[in-house]
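The values are calculated or read from the model by the stated rules, or taken from the named source; none is laboratory data. Model, not experiment: these values are computed from the prediction. FYI the Cβ positions are ideal-geometry reconstructions off the backbone, even for glycines, and counts take in every protein chain you see.
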Amino acid sequence: MAAVRPRPDAFPRDRSPVIDMTPPSGAPGCAATAKLIPSCGAWWGVAPDVFGGRPPSRAIVSAEERMGRRADIVHVYHRGGDPFPTPEERRLARKRLLLINWKPSVDDTWAEIADGAIDHRIDRVADRVKRRLPGRFFLTIHHEPENDVRERAGSGMTAEDYAAMYRHVVLRLRARGVRNAVTVMTYMGAPNWAAKPWFERLYPGDDVVDWVGLDPYADRRVNDFANLVDKTREDHARWPGFYRWTQTRFPGKPIMVAEWGAFERHDDPAFKVAFFESVRRQIRGYPQIKALVYFDSPRAPRGDTRFDSTVEAGRAFTELARVPYFSSTPVPDH
């Protein structure tokens, strides 16, 4: 696959209906479409204090105080039969957009879900959403499926099974009357998984996917934002990088960086500062990215991703969060 250079005009005009909003903040003329695509810049979001033990309402208040602004998007996680939206999430959704990350089952295979094994659960979710979450929200279903794929006949966990599962969940929610979920298909996006022969077959279809998501982290191979969203590896030379790939594969879809984070480097304490500064410098070169949602955790699986693990890092992150590119389009009131 040939590499494609990012183009400033790569993201075409979205023609879905525009939500009528006249809020007190935001740049004049900036709005969001019915699929929550901001017309100016990109949404700014956070998954607050993940694994820290605090409930979302307390975690988000703390995160917003620490970064010096309100989040546009709050990322929350649910598995199996967890009831959602919770009362806390409903309160958060009054002034913010929810990104609900739902793994529909931890016991059933994708094939079993696609065949109706948990339809009763999907229906309960649909009924709850209709009653308790009137505004639009983002919904991602079983994010980062790549490392769960089992390409063995009959496993129920092939790439095709994932696509069928995702389609089934979305179409059943819609059939039960859920019209306010803006769907996100969220990939890991790592070169070793993207190079697999089944990678392309994960995609459920344009009719059930509104946004394409990516969950990249700044490991030792990543030095700046450009490396983060376009990771490549010499041993997978055909992979051009996720952003380049989406420009060819999904030129009409907005991209959400649904989880991103910089790990602490004890041998390079200035890394987070330099990394956050690179986001500020480089984000405008990636106009198809319409949302950044930071994964803020003291105990992420591979390290500490707190944005303010040092005073200097916190200051750089606050400066990034406050740039007009991330505050031009106001969040719709619910």
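Among the residues making up the stretch 153-211, a single one is surrounded by fewer than 16 Cβ atoms within 10 Å (Cβ to Cβ) and aromatic (Phe, Trp, Tyr): Trp198. For the stretch 275-283, state whether one or more residues are under 12 Å from Ala42 (Cα atoms) and in a strand (DSSP E or B). Scanning the stretch 275-283, I find no residue that is under 12 Å from Ala42 (Cα atoms) and in a strand (DSSP E or B), so the answer is no. Taking the stretch 125-159 as the range and being assigned to a helix (DSSP H, G or I) and under 22 Å from the mean Cα position of the chain (by Cα) as the test, the residues that pass are Val125, Ala126, Val129, Glu146, Asn147, Asp148, Ala159.
Pairs meeting the criteria (first residue in the stretch 152-178 and at positive phi, second residue among the basic types (Lys, Arg) and not in a loop (DSSP other than H, G, I, E, B), beta carbons under 8 Å, at least 6 apart or on different chains) are Gly177/Lys130. For the stretch 104-136, a residue qualifies if it is over 27 Å from Glu160 (Cβ atoms) and in contact with a helix residue (DSSP H, G or I) (Cβ under 8 Å, 6 or more places away or on another chain), and the qualifying residues are Val129, Arg132, Leu133. Contact annotation: residue pairs with Cβ atoms under 6 Å, 6 or more positions apart or on different chains, pairing a residue in the stretch 43-60 that is more than 17 Å from Ile100 (Cβ to Cβ) with a partner that is surrounded by fewer than 14 Cβ atoms within 10 Å (Cβ to Cβ), are Phe51/Arg299. Looking across the stretch 67-85, the residues that are of a type outside the set (A, V, I, L, M) and either surrounded by 17 or more Cβ atoms within 10 Å (Cβ to Cβ) or under 23 Å from Lys35 (Cβ atoms) (or both) come down to Arg70, Asp72, His75, Tyr77, His78, Phe84, Pro85. Pairs meeting the criteria (first residue in the stretch 299-320 and at positive phi, second residue in a loop (DSSP other than H, G, I, E, B), beta carbons under 7 Å, at least 6 apart or on different chains) are Gly303/Phe263; Gly303/Glu264.
What number of residues within the stretch 254-282 satisfy the criterion of being touching a Phe, Trp or Tyr at 6+ places or on another chain (Cβ under 6 Å) and over 19 Å from Phe51 (Cβ atoms)? Matching residues across the stretch 254-282 total 7.
For the stretch 319-334, the tally of residues that are closer than 15 Å to Gly45 by Cβ and in a helix (DSSP H, G or I) stands at 4. Taking residues in the stretch 108-122 that are under 18 Å from Val149 (Cβ atoms), and partners anywhere that are charged (D, E, K, R) and not in a helix (DSSP H, G or I), the pairs with Cβ atoms closer than 9 Å and at least 6 places apart or on different chains are Thr109/Arg150. Take Val293 and tell me if it is part of a strand (DSSP E or B), of a type outside the set (Phe, Trp, Tyr) and farther than 25 Å from Ala63 by Cα. Taking the combined requirement at face value, the residue does not satisfy it.
State yes or no: is Ile113 over 22 Å from the mean Cα position of the chain (by Cα), outside any loop (DSSP other than H, G, I, E, B) and buried (at least 22 other Cβ atoms within 10 Å of the Cβ)?
Yes; evaluated as a whole, the condition is true for this residue.
Please enumerate the residues belonging to the stretch 294-334 that are closer than 26 Å to His266 by Cβ, buried (at least 20 other Cβ atoms within 10 Å of the Cβ) and among the aliphatic types (A, V, I, L, M). Ala313, Ala316, Leu320, Ala321 - these are the residues of the stretch 294-334 that are closer than 26 Å to His266 by Cβ, buried (at least 20 other Cβ atoms within 10 Å of the Cβ) and among the aliphatic types (A, V, I, L, M).
The set of residues in the stretch 235-266 being farther than 22 Å from Trp198 by Cβ and either basic (Lys, Arg) or at pLDDT below 90 (or both) consists of Phe263, Glu264, Arg265, His266.
Here is a check on your reading of the model: is Asp333 more than 19 Å from the chain's Cα centre (by Cα), within 21 Å of Lys35 (Cβ to Cβ) and not polar (S, T, N, Q)?
Considered against the rule, which asks whether it is more than 19 Å from the chain's Cα centre (by Cα), within 21 Å of Lys35 (Cβ to Cβ) and not polar (S, T, N, Q), Asp333 comes out as yes.
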